Amino acid sequence: MILSLCLFIFAGNKPLAPDIVFTLVAVFNIIKSMLTLSVLGAGQYAQAMVSLQRLSDFMDRKTSPVVTDKTQLTMQAQRIDRRVPSCSTVQVLGEFNHTQASLDVEFSKGGLNGITGDTGSGKTLLLHSLLLGRFGNQGSTGLGKAQFEPIAYASQEPWLFRGSIKDNIVFGTAYDQKRYERVIRDCALEKDLAAFKDGDLKEVGEGGRSLSGGQRQRVSLARAMYTNANVVILDDILSGLDPSTFDWVVTKCIFRSEQRNRTMIMVTNSQKILQMADLVIHMENGRIAQVKKNLSTKNKQSVPDTDYVDCLFHDQPEASETISATFASTECSDDTGPISAEASNECPDFLRVSSLRYGKFSSIIHFQVITLPGFKYLRSFGSRPFVTLAVISAAGAQALEIGLPAWLSIWSAISVRNEKEGMDGFYLGIYTGMTSPSDHIGRQMLTTRAGLGSAQIAILAVSLLLLYSGAWRSSRDKHMEMISAIFSTTYTWIWNTPVGQVINRFSSDVASLDDTLFRTFRPVLDTYLSIGLRILAVTSLIPLFFLPSVMLSGFAIYVGYRYRFAATAVKHIYAASLTPLHHSIAETAWGLRTIHAFRAQGMLQKRFNAAVEHHVQAWNAVSDLQRWLAVRMDIFVALISCSAATLAILRPHSSAPVVGLSLTLTTGLCTALLYLVYLSSLLEVEMASYCRIENYIQELPQEVSSSKLDACAVEHWPTQGLISIENFGASYALDGDEVLKDVNYRANPGQRTAIVGRTGSGKTSLALSLLRLTTRTRGSISIDGVDIESVPVEKLRQSISFIPQDPTLVDGTVRFNLDFNREYDEGYLQSILDDVAGTRKWRLDDTVEQNGRNFSQGERQLITLARAMVSKHKILIIDEGTASLDKASEGRIMAVLRDRFSECTVMAITHRLHSIIDFDQVLVMGDGQVLEAGNPCHLLEGGESLFKALYLQQCGTDAVISGNLSDCRQS
């Protein structure tokens with residue numbers, strides 16, 4: 001603009017008249033807005049190009065071939081086998097520490113092929129190779145027609161997608177009611193479904209979290225059995241089942257006559273399954289050590305409870321009792337896990353996502369429109385003096401912004417009156433900082449204009465500095481408060497809340513708080529201030545303008561009212577459409593092997609496409625509303641500009657500078673009014689992110705941290721590990737059903753207690769109650785005579801080592817996973833690692849990938865056990881911590897428990913009853929109650945007991961019991 005004025009002065013040699021001044025101002029305001037948009041567009045273009053390049057790099061990335069160039073694919077219609085000459089290797093990068101194995105095996109077509117071996121020996125890796133065909137550059141493969149047909153696959157960690165139990169079992173195939181009902185019965189799911197309010201339409205939740213571990217395994221198995229695939233691959237899918245359910249599933253499902261025409265490949269360490277298998281493969285260190293073809297299985301008899309490898313790979317096994325085909329006493333109760341206590345009454349998962357994500361929609365609208373949460377957001381910038389100074393500086397910047405055209409109006413009027421006094425130097429001096437010292441007017445105008453410009457720049461800089469620093473402080477504080485709220489929320493909330501919702505809070509909502517919220521809030525604040533000042537200025541120039549301004553402002557408010565409510569609803573839908581997208585990507589990435597095996601890519605792609613379509617439709621609605629508003633903005637601008645111009649012309653003695661100034665301010669006013677409507681709708685959507693974060697901070701259910709005892713009073717607690725439970729009852733919600741009822745139990749210091757019972761009997765609930773992850777309804781739990789309700793919850797959980805059923809490892813190294821706070825030296829950590837690793841050569845600096853995926857399930861359990869050993873706590877709780885271990889590894893772990901934890905109180909939840917014979921006490925749980933308690937040996941030696949019945953059902957005859965009892969006495 002300065003350059004334009006200089007050119008005008010030198011070229012035209014004319015005074016700067018009002019018509020030229022205000023025309024120039026209007027043109028440059030348009031140019032200014034376009035330049036602003038171009039800068040924003042350039043930034044968005046750069047972001048788009050970065051995203052496009054990342055997508056392009058991802059799409060151009062080479063994928064691992066299913067069959068390599070030198071690998072021959074053999075098509076065989078008569079048999080289904082996998083042949084790999086002994087000179088070849090299996091290599092799956094990123095899996096099991098790049099294990100390489102020499103393989104040479106032909107599976108039995110139409111029979112059961114068992115794969116067994118030590119933990120980490122390569123069993124799961126072999127199955128992954130069968131599924132994906134990731135072989136090295138030598139050898140040949142042959143799966144016959146099954147290479148290109150669906151393969152029924154049930155992974156060791158069951159993968160379930162968000163939907164109903166029925167959807168997960170049918171899995172996109174044709175629905176056959178008779179087959180479906182038979183599979184439900186064979187997988188022992190009938191009573192579980194009967195216990196759910198919605199039956200098989202019950203939502204399994206994210207990852208199947210509304211089901212217990214055993215229920216997830218059986219649903220995954222039912223999906224595999226429901227398909228008509230000729231090849232069934234099962235990866236230790238029965239490890240989480242109680243003995244009665246295990247026997248039912250093995251007899252009714254695995255060995256059902258209808259399954260004999262299917263080739264079944266199963267990883268298991270179960271003696272009962274292996275002795276009935278047609279082919280048994282024993283893995284050692286990534287190699288096939290032995291292959292044993294069993295005799296006819298029609299009258300195959302079970303073997304004594306000795307080492308299963310000896311039974312399979314030596315002479316003929318001894319004859320004993322056959323596996324019964326009838327289990328009339330099998331009981332499959334409803335799940336009483338951490339969520340199912342209230343799962344039957346909860347709303348479907350996708351509806352719960354919306355309610356949890358947004359709270360009460362009407363309350364949000366009322367909060368946005370009536371109470372103006374922007375003031376609350378502004379208040380979070382800092383102290384009251386800080387916020388006051390920031391607002392005053394913003395108001396000062398806007399006042400100077402309006403003062404500049406007002407001063408131009410005065411300037412042009414003076415310029416016209418003094419056009420013969422040689423004003424060229426004056427104009428040049430104003431915009432170049434130079435003027436004639438003898439020109440009094442020029443010096444005055446120069447000083448004033450320069451002062452206004454300098455003051456505006458300074459105040460604007462101060463305003464931006466204060467507001468930006470306050471916004472960054474608010475974003476940082478809210479982020480930390482939300483993290484604190486998440487870490488201290490209840491266990492029930494964690495299990496009920498989809499991960500996608502939490503990801504949305506910490507990604508899109510926090511990103512809004514970091515960037516877009518303030519970039520929307522600041523223009524709204526400036527526009528409010530600008531509108532107020534412009535109305536005062538125009539009304540002072542043209543008093544009659546007040547009437548049309550009120551009328552047209554009412555029109556603007558009406559338009560804004562309609563737009564705001566529609567836009568808020570639509571943009572909430574748009575924001576909600578992001579959660580299914582995030583969730584779909586996450587669950588698909590987790591279950592890629594299962595999806596590939598079932599050839600279910602099409603079904604999952606349709607689900608994802610539906611989520612994308614919903615997201616695009618929501619965005620189209622947002623764009624349409626913006627166009628709707630833009631049309632009415634143009635109409636409003638034309639009406640109010642016409643009104644101001646008419647009143648200015650009709651006003652007696654109107655001067656050109658006054659008319660120009662009024663038109664300039666009026667045009668800015670009408671633009672600001674509807675711009676405010678548009679920005680307010682954007683702010684409401686962005687403020688919804690702020691409100692959701694505030695909802696997490698203020699309304700998340702928080703665990704009650706007792707104040708009866710402070711941390712200092714229990715600094716060295718517990719010192720003995722004495723656990724006493726008296727008449728204890730608990731639920732997972734204040735208004736939920738009890739999952740534990742009148743539990744009485746006492747564990748002396750150093751005592752090892754096993755907790756057994758069928759699925760859903762309350763075993764895990766009892767363990768979680770010791771960590772105060774349930775809600776006490778009656779009774780008490782005390783440790784070393786101190787009621788755990790009086791101990792700060794942080795101190796309680798820091799004093800107990802807990803190994804969950806699903807071991808959790810974080811990205812980093814093995815050392816970091818053993819010692820998060822780096823409190824112990826490497827020698828001590830390595831010695832513990834060697835104790836649990838056995839023959840494995842683990843090092844502290846070994847890399848742990850996401851979720852520990854470069855370790856097998858059993859290896860992850862070993863590392864979590866080592867982590868518990870490092871802490872040296874007086875109480876250790878193990879929830880199926882050895883479920884995925886082989887017998888040798890399990891025996892070594894039990895020896896570690898005897899030796900290293902001899903002075904600790906150990907509670908072990910297990911379904912492997914043979915491993916807890918030498919424990920001091922066993923609790924048999926049922927329906928949330930302790931049905932039986934006592935020493936395992938005494939219960940087996942005595943008469944009829946629940947524990948003895950379970951042991952006989954799982955481990956064999958009385959002769960086997962006698963042998964185990966003698967070993968127990970010797971130990």
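FYI, it's all coordinate maths here, none of it is from the lab. This structure is a prediction, so every number in the text was calculated from the model and none was measured. Neighbour counts are summed over all protein chains in view; Cβ atoms, including those assigned to glycine, are modelled from backbone coordinates with ideal geometry.
Below is a table of values for the structure above.
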read-out	value
For segment 621-639 and segment 735-750, distance of Cα centres in Å	65 Å
Cα gyration tensor shape for segment 763-879, rounded if a/c is under 1.5, else prolate or oblate	prolate
Length gained when the stretch THR539-TYR561 is fully extended (0.36 nm per residue, less Cα-Cα span)	5.4 nm
Summed residue charge, Cβ within 10 Å of TYR696's Cβ, Lys/Arg positive, Asp/Glu negative	-1
Ordering of 376-386, 506-516 by packing [mean C-beta count within 10 Å, highest first]	506-516, 376-386
In Hz, Karplus ³J(HN,Hα) per residue of segment 842-848 (6.51, -1.76, 1.60; θ = phi - 60°; x = Gly, Pro)	8, 10, 5, 8, 4, 6, 10
For segment 767-784, 3J(HN,Hα) per residue [Karplus equation, 6.51 cos²θ - 1.76 cosθ + 1.60, θ = phi - 60°, Hz, x = Gly/Pro]	5, 5, 5, 5, 9, 6, 9, 10, 9, 6, 9, 6, x, 7, 10, 10, 10, 6
Under-5 Å amide H pairs with ALA908, H placed in peptide plane, nonlocal only	THR753, ALA754, ILE755, ILE878
Cross-link pairs LYS376/LYS478; LYS123/LYS252; LYS166/LYS763; LYS795/LYS872; LYS109/LYS166 - those with Cα-Cα distance over 18 Å	LYS123/LYS252; LYS166/LYS763; LYS109/LYS166
Label-point separation in nm, GLU941 to SER790, each point 7 Å along Cα→Cβ	4.0 nm
Sum of side-chain charges, TRP159 neighbourhood, beta-carbon under 10 Å (Lys, Arg +1; Asp, Glu -1)	+1
Packing rank of 587-596, 230-239, where each peptide gets the mean count of other beta carbons within 10 Å, highest leading	230-239, 587-596
For VAL267, distant residues with modelled amide H under 5 Å away	ILE115, LEU234, ASP235, ASP236
FRET efficiency, PHE608 to ALA455 (Cβ-Cβ, R0 56 Å, nearest 0.05)	0.50
Radius 10 Å from Cβ of TYR491, net charge of other residues (Lys, Arg +1; Asp, Glu -1)	0
Amide N proximity, segment 869-906 versus LEU844 label position 7 Å along Cα-to-Cβ, cut-off under 17 Å	869-872
Full-extension gain in nm, ASP60 to LEU734, via 0.36 nm per residue minus C-alpha separation	237.3 nm
Two-site FRET efficiency, PHE816 against ARG185, from Cβ-Cβ distance with R₀ of 35 Å, rounded to 0.05	0.15
Computed label-point distance, nm, for sites GLN798 and ASP198 using a 7 Å Cα→Cβ extension	4.1 nm
Peptides ranked, highest mean first, by Cβ atoms within 10 Å: ranges 52-61, 822-831	822-831, 52-61
Cα-based radius of gyration of segment 685-818 once divided by 2.2 N^0.38 Å, which approximates compact folds	1.26
